[in-house]
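Have a look at the structure below before the remarks.
Every number here is computed from the coordinates shown, using simple stated rules; none is lab data. All figures in this text were calculated on a predicted structure; none of them were measured in a lab. Cβ placement follows ideal geometry from the backbone for every residue including glycine, while neighbour counts extend to all protein chains displayed.
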């Protein structure tokens, strides 16, 4: 039985994106989950029935810490002798692909779920691009989560290796039974309700979203905006006036981090997701499964999920005027919104149903492991 390492920087990524997948893979392979230590790693091991190994890894660049992680990862590779490593998340990719190359692991796969450097500038951008270049250089196979990520990797010469998007993109797919709007009571909505799901940070377009909603709410005071997600002011703060407006309420309801976001999709008429950058945003897929049309920015992933005018609309990023006009269009054109809502779930089901996405991964594993 061939041995597969699945690696992420923090265990929460394995817990979220590999739910059910590791258990399925363990029927055919010996699967080992590796990440930084934490309760979530223990949870993955227990739920999926796989062995786990903790290797501390810092999320941000730290030369001393990263070299220590590389040494530890190399020792694990030498001891365990896996047939394949499959990493996701940037730091885990850099560390495990280098360690795997040094240890002579024959199959080394990295999935790019998103790229950080397209929105970075100066020296930081060059460093981030260099780390992705090293990851690709040490990998034998590269999986971009979508066509947009694939184009960025090729167009910016991060790699010249053949790279392949599996299926229509996305790493886990959507459980359509779990994300079924028929199982939830939407209650009495009143006016039009928008929902945003994600971190309350600048790069998610929160400044533009709050500014656009403020204008809209002044004209349509029965509109509502639900913000679902944690604040991370220490990492990527939004403007002080944005936080002040959120705290004031008056149509905006910030509910913080939620273990289950489905009830909030059920309360909404549309998703609004004005992010600056993404790999392949699961929230847009989840909202679509709930039958919600979406307003998204013209970025990787979002523009692959949304077909403009069919299951949502696409606007430029960092443009509060375009966002305001799109939100106003949704509020003032209920028939158009109803037609997009009718398309939303069928489009998601045809492309991102979990069984299909997982089968694409299993087929890929069979293909590359049988060559070695």
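Of all the Cα-Cα pairs you can form in the stretch 144-272, what percent are over 16 Å apart? Beyond 16 Å sits 70 percent of the P(r) for the stretch 144-272.
Overall dimensions of the stretch 103-207, expressed as equivalent-ellipsoid semi-axes from the Cα gyration tensor (√(5λ), whole Å, largest first), are 35, 21, 11. With Cα atoms defining each centre, the stretch 222-260 and the stretch 1-63 are spaced 32 Å apart in the structure. With the convex hull of the Cα atoms taken as the outline of the stretch 190-230, the averaged projected area works out to 2.7 nm².
By the count of other C-beta atoms within 10 Å, a proxy for reagent exposure, 64, 107 are ordered fewest to most as 64, 107. With kT/(6 pi eta Rh) evaluated at 37 °C and eta = 0.692 mPa s, and Rh the Kirkwood radius from Cα pairs, the stretch 248-300 diffuses with a coefficient of 267 µm²/s according to Stokes-Einstein. Taking every C-alpha pair closer than 8 Å and separated by at least 6 residues, the mean separation divided by the residue count of the chain gives a relative contact order of 14 percent. Computed log10 I(q)/I(0) for the stretch 35-193 at 0.12, 0.16 Å⁻¹: -0.64, -0.99, from the Debye equation with unit scatterers placed on every C-alpha and solvent omitted. Look at where the Cα atoms of the stretch 64-113 and of the stretch 286-340 average out, and the two centres are 39 Å apart. Over the chain, DSSP H runs of length four or greater, each weighted -39,500 (n - 2.57), average out per residue to a 222 nm ellipticity of -14000 deg cm²/dmol.
From least to most packed, judged by other beta carbons within 10 angstrom and beginning with the fewest, 329, 215, 81, 224 follow the order 81, 329, 215, 224. Put in order of Cβ neighbour count within 10 Å, fewest first, the listed residues 362, 179 become 362, 179. Of 146, 104, 288, the residue with the greatest mean-square motion in the GNM of the chain, using alpha carbon springs below 10 Å, is 104. Take the convex hull of the alpha carbons in the chain; its mean projected area over all directions comes to 18.1 nm². Taking the square roots of five times each eigenvalue of the Cα gyration tensor of the stretch 181-352, the equivalent ellipsoid has semi-axes of 22, 18, 16 Å, listed largest first.
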